[in-house]
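Q: Structure incoming, see below.
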Amino acid sequence: MVTEHDLVTMSQILLAAETNVEAIPRLTERYAFDIEQAYRVQAFLIDEKIKKGMRLAGYKMGLTSPQKMKQMQVSSPVFGVLTAETLLEDGASLKKKKLIHPRVELEVAFVLGDSITPEDDLTPEALAKKIAYTTVALEIIDSRYQDFRFTLPDVIADNTSAAYYVLGSHFARLDDMKASLLHFGAQLWINGTLQAVGTPANVLGHPLTALASLVRQLHQYRGETLKPGQIVLTGGITEAFAVEAGDVIEGVIDHLGSVRIKVSE
Ligand code: 0L1
Ligand code: MG
């Protein structure tokens, strides 16, 4: 059984791995801990970052597509925390040497116009009214575990591999769009080669279903609710792809625009 002290120690091990850019063995090889305890480790990790001056910007859902669940051999979606300091500008350059083994994902991002609690109507129709803006995003994930291999508690403790994220410069309003988000095509390009195609429907059937799942899990594991202005990354539309120095990566989603980053050494 793990103690409170062990949970804090685990968060410190993960933070050191991130700071030192050094992969570590899975924490579950040393400690037996469950999903609830994993979210406590994640909370200790985020508290430490906030103490160092980082600011909460929103949340991310992870493991929301059948492709990602298969790739990582897990069976349920998870959430992590986004900070303002890890948001990159559209077109920015990402330094690979700051990361262990980064991968990129193409996602739909929401900027909330309203607070959302578990007591609210969480159907896609009702949630759509609480979204201020929708855009295309790239998420750069970077597991702190060796070989990107982990169990569900490991990856939750590691803030669901969050590293950086980039939002497109075009912000669309869901209610202004004639077609449903579910019918939009999504493309991930790396160095001018089409790497993957998909649709936002890959994300738990609808990115707004991922948002509903976030509302419930955030309340269950943190006792928190979503606030206006917060950013939500809804989860990868396709599997994740390894990122190399020199890469130019572009994500495109119909009606939501495009987003791009360059990767340097
Ligand atoms: O954002 C994601 O879907 C990543 C969640 C964690 C799993 C991974 O590192 O691939
Ligand atoms: Mg993601």
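The values are calculated or read from the model by the stated rules, or taken from the named source; none is laboratory data. Computed from a prediction, not measured in an experiment: that's the story for all the values here. Using ideal geometry, Cβ is built from the backbone for each residue, glycine included, and neighbour counts are taken over all protein chains shown. These accessible areas exclude ligands, DNA and RNA; they are computed on the full protein's heavy atoms, side chains included. Shrake-Rupley method; radii C 1.70, N 1.55, O 1.52, S 1.80 Å.
Q: If you check G223, G236, G229, which single one turns out to be touching a Lys or Arg at 6+ places or on another chain (Cβ under 7 Å) and of a type outside the set (D, E)?
A: G236
Q: Do the conditions hold for L233, that is, is it within 16 Å of ligand 1 (Cβ to nearest atom), under 19 Å from A162 (Cα atoms) and touching a helix residue (DSSP H, G or I) at 6+ places or on another chain (Cβ under 8 Å)?
A: Criteria not met by L233.
Q: Something else: Do we have any residue at all in segment 57-69 that's in a strand (DSSP E or B), of a type in the set (A, V, I, L, M) and farther than 15 Å from A212 by Cβ?
A: Yes, the conditions are met somewhere in segment 57-69.
Q: Identify all residues within segment 1-44 that are under 18 Å from T86 (Cβ atoms) and of a type in the set (S, T, Y); write none if there are none.
A: S11, T19 - these are the residues of segment 1-44 that are under 18 Å from T86 (Cβ atoms) and of a type in the set (S, T, Y).
Q: Assess whether I156 counts as being open to solvent by less than 10 Å² (accessible area, probe 1.4 Å), closer than 22 Å to K49 by Cβ and within 12 Å of ligand 2 (Cβ to nearest atom).
A: It is false that I156 is open to solvent by less than 10 Å² (accessible area, probe 1.4 Å), closer than 22 Å to K49 by Cβ and within 12 Å of ligand 2 (Cβ to nearest atom).
Q: For R55, work out the one condition from (1) open to solvent by 50 Å² or more (accessible area, probe 1.4 Å); (2) away from ligand 1 (no atom under 14 Å from the Cβ); (3) without any contact (Cβ under 8 Å) to a residue 60 or more places away in the chain; (4) farther than 22 Å from I231 by Cβ it doesn't fulfil.
A: (4)
Yes/no per residue for (1) aliphatic (A, V, I, L, M); (2) open to solvent by less than 10 Å² (accessible area, probe 1.4 Å):
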{"residue": "Q220", "(1), (2)": "no, no"}
{"residue": "G235", "(1), (2)": "no, yes"}
{"residue": "E239", "(1), (2)": "no, no"}
{"residue": "A245", "(1), (2)": "yes, no"}
{"residue": "V248", "(1), (2)": "yes, no"}
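Q: A further question on this structure: Among the residues of segment 110-128, which ones are assigned to a loop (DSSP other than H, G, I, E, B), open to solvent by less than 50 Å² (accessible area, probe 1.4 Å) and more than 16 Å from L218 (Cα to Cα)?
A: G113
Q: Among what's in segment 53-81 and is at pLDDT below 95 and among the basic types (K, R), pick the residue that is farthest from ligand 2 (Cβ to nearest atom).
A: My answer is K70.
Q: Turning to a different aspect of this structure: If T209 satisfies all but one of (1) modelled with pLDDT of 95 or more; (2) farther than 16 Å from I140 by Cα, what's the number of the condition it fails?
A: (1)
Q: Taking the conditions exactly as written (touching a residue at least 40 places away in the same chain (Cβ under 8 Å), at negative phi and not in a loop (DSSP other than H, G, I, E, B)), does L208 satisfy them or not?
A: yes
Q: Quick check on D47: is it touching a Gly at 6+ places or on another chain (Cβ under 8 Å) and more than 16 Å from ligand 2 (Cβ to nearest atom)?
A: Judged against the criteria, D47 is not a match.
Q: If you go through segment 135-179, how many residues are within 16 Å of ligand 1 (Cβ to nearest atom), closer than 23 Å to G91 by Cα and among the aliphatic types (A, V, I, L, M)?
A: Counting residues in segment 135-179 that are within 16 Å of ligand 1 (Cβ to nearest atom), closer than 23 Å to G91 by Cα and among the aliphatic types (A, V, I, L, M) gives 9.
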